[in-house]
Amino acid sequence: YNAMSGIQTQGCSEGTDNVGYIQTGDWMDYKVNVGQSGTYIVSYRISSPNTNGQIQLKNGSSILATTNVPSTGGWQNWQTITASVNLTAGQQTLRVYAGGPDFNINWMQFELNSNSADVNNDGKVDVNDLAIVAQEYNKKAPDAGFIVKYDMNNDSIIDIYDLVIISKL
């Protein structure tokens, strides 16, 4: 992190150190350079004996994602949890904010979601994305990869039901 409030580190059972003793209101800021606008899956490696923890990923005053921290059975019993966030390309500061207490974080990772339904990259999933997908689907004989990528309910049809499922990822 580049800046923080209320954060402490401790030895980690997975090696090196983790951020621990996290309480409500604690935060860490990270200066990042997002290479490509899109939907990203953020993974957090967390541990907690409690179920009241909450992670909010923020950009300025905007909350990008809120993720509840489940009990992992102990302070050094690690589990990976995920959330989906829309990020724009460029330099920015992302804040990991504790909206609820009593958890540790070992690491976090961001991966561009290749299954994103925001096909036109306008920051939202809507009927326009479905129209683009349906048009592309109808242009060519459907291949297995295309079906697997967009047929979220496995009914061999790409339709509004798939868009609804994808929009919740």
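The values are calculated or read from the model by the stated rules, or taken from the named source; none is laboratory data. Note that the structure is a prediction, hence the values are computed from the model and not measured. Ideal geometry is used to build each Cβ from the backbone, glycine not excepted, and the neighbour counts take in all protein chains shown. Keep in mind that these areas ignore ligands, DNA and RNA; they rest on the heavy atoms of the full protein, side chains included. Shrake-Rupley method; radii C 1.70, N 1.55, O 1.52, S 1.80 Å.
Among the residues of the range 74-95, those identified as open to solvent by less than 40 Å² (accessible area, probe 1.4 Å), hydrophobic (A, V, I, L, M, F, W, C) and more than 9 Å from the chain's Cα centre (by Cα) are Trp78, Leu87, Leu94. Here is a list of conditions, (1) of a type outside the set (Val, Ile, Thr); (2) within 29 Å of Gly90 (Cβ to Cβ); (3) surrounded by 14 or more Cβ atoms within 10 Å (Cβ to Cβ), and Gly20 meets all of them except one; can you say which number that is? All conditions pass for Gly20, except number (2).
In the range 1-37, of all residues being among the small types (Gly, Ala, Ser) and in a strand (DSSP E or B), the one that is nearest to Thr67 (Cα to Cα) corresponds to Gly20. When Tyr40 is tested against (1) in a strand (DSSP E or B); (2) surrounded by fewer than 18 Cβ atoms within 10 Å (Cβ to Cβ), only condition (2) is not met.
Among residues of the range 22-40 that are at pLDDT 95 or above, those with a Cβ under 7 angstrom from a residue that is of a type in the set (Phe, Trp, Tyr), sequence gap 6+ or separate chain, pair up as Ile22/Phe103; Trp27/Tyr97; Met28/Tyr1; Asp29/Tyr1; Tyr30/Tyr1. Ser71: open to solvent by 40 Å² or more (accessible area, probe 1.4 Å), more than 17 Å from the chain's Cα centre (by Cα) and farther than 19 Å from Arg95 by Cα, yes or no? Yes.
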